[in-house]
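Reviewing the structure listed below.
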């Protein structure tokens, strides 16, 4: 059976002038077939507290009051999970196959370059948004791309990325279709700046963009605003093996804007799922996981609201009381006199079953248990009956183990984004990134990095040992100090408390200067020597130089760097001897038995 070309299944084989028709057809077919994802994600967004009327660009800002939960525990749980797990900033750590110092030095530079690239592309900040989308819907998506000669990241709304279900069954889809809404004039300016196009081609594409539509039906007909948006579809067809060629197309519904080869076996989309499915690339969010309990809780709250509304207060007065009705008013502390045998009573018709409140508390606890959240984490307070710091720390450690799987999955997502950043950065001639460490920032050129090291395995490593609030950092510092593995000044450098940062910087200035000198002497490409100066902490400098020399000797550092460190230690020792006073010997003091007398100077 011959498949007609109009179904868009083989758009990558069409002529460039006809690619747009096949891609748009494929997108519309897949969009209609996956309408179930739209409904499911919309339902889960509403369950998580987002009162959206729809998922399209004209309806996402509208509020649907009928779907607003009355007591939303899912929203509180998602906020706590993002604050707890999303605060992690894992750093890629490059592993080398040998103990060669040059390779190890290259691995350090690659690590700093990728971390600097993450900060430049705002990957960590966008990662929190990606995690939030994964908790609310069936996944979160970050797209890594080259824009204006730099590597950038941006968030893609999950429903704007379409992947065929059959292709994704084993988790290895080859087709990715993304819709992006761009400003029409901005798109025209991009075409004008494209140096690869001739004047005739630019004019034809500009005319096509001016008449382009919006591809997807998102109720644009009722939209009255200022935006002049054009729907742009990005289509990727991946090669099966490395060295083969795939295809990438960027189209509107009236023309093909670009059609070029794609030589990577991966798409630029990094998908993160809260609960991974057994098949496919999309998963299950926490909102879907806890939606059943949340719906029951909402129903109970609506019932309690109706009972409260229907409840009224009535006054029962016995006929024999002979009460003056004029005295029945709304004045406070009023006195009602009567001469009957029965006193007046207040009657209430408000009656709410206690079982409703009991079930609400059970549902609330069930939702938080599904998320693995305790009162210590949700409300920042100690659980009832737990007063010791040891017990609080034990609960925190248990929670860390509860989220270990989720944290590991998020770390791997960041590592996947790092691999894509590396591949994209190598495509940009002369690309540089601003790397940074604890003390200074500097540019790293990707051309100077070893491709073999960049292609090696990546290990996850935390960006900072001392993480958390100032109180928690101080507690960690106390525990590390008791171990005796670091000096007090090194411990001060680990603290990241802004209130005392100026004081710690002053106390650790000598160590930071010494680290810079050691780094220059150990530079494998251009080692530079600078001797000690009297204003330095000479004993500390001697100790740091000795430690650096022993570590460099173990790593196999070139002899020129080892000689520089040895010269530095000798010069430092000489400076110390200059300022160290000679011991004073008292000739009148008695000489202990067995100790030879001091030498006498001839007159």
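Sort the stretch 175-238 into rounded, prolate or oblate with this rule: let a ≥ b ≥ c be the square roots of the eigenvalues of the Cα gyration tensor; rounded if a/c is under 1.5, and if a/c is not under 1.5, prolate when a/b is larger than b/c, oblate otherwise.
oblate
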Give, in nm to one decimal, the length gained when the segment between residue 244 and residue 314 is fully stretched (0.36 nm per residue of separation minus the Cα-Cα distance).
16.9 nm
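Give the shape of the stretch 111-200 as rounded, prolate or oblate, defined through the alpha-carbon gyration tensor: a ≥ b ≥ c are the square roots of its eigenvalues, a/c under 1.5 means rounded, and otherwise the shape is prolate if a/b is larger than b/c and oblate if not. Display every interim value, and only then the final one.
Numbers: a/c = 1.94, a/b = 1.26, b/c = 1.53.
In terms of gyration-tensor shape, oblate.
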With only alpha-carbon atoms counted, please give the Rg and Dmax of the stretch 205-280, in Å.
17.0, 49
Round to a whole angstrom and tell me the spacing of the C-alpha centers of the stretch 528-584 and the stretch 9-56.
65
Taking the simple approach of a point 7 Å from Cα along Cα-to-Cβ for both residue 325 and residue 570, what is their distance in nm?
11.6
Compute the relative contact order of the stretch 203-272 as a whole-number percentage, counting only Cα pairs closer than 8 Å that sit 6 or more residues apart in sequence.
30
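When a/c reaches 1.5 or more, the comparison of a/b and b/c decides; with that in mind, is the stretch 122-175 rounded, prolate or oblate per its Cα gyration tensor? Walk me through the intermediate numbers first.
Values: a/c = 2.67, a/b = 1.35, b/c = 1.98.
Cα axes put the stretch 122-175 in the oblate bin.
State the extension gain, in nm to one decimal, for the chain segment bounded by residue 200 and residue 36, taking 0.36 nm per residue of separation less the distance between their alpha-carbons.
On the way: separation 164, 0.36 × 164 = 59.04 nm, distance 4.32 nm.
Extending this stretch completely gives an extra 54.7 nm.
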Here P(r) for the stretch 210-328, Cα-Cα distances in 10 Å bins, as whole percents, is 9, 16, 17, 19, 12, 8, 7, 6, 4, 2, 0
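Since every read-out is calculated from the coordinates, none of them should be taken as a lab result. Worth saying up front: this structure is predicted, and the values here are computed from it rather than measured. For neighbour counting, all protein chains shown are included, and Cβ atoms are generated from backbone atoms with ideal geometry for every residue, glycine included.
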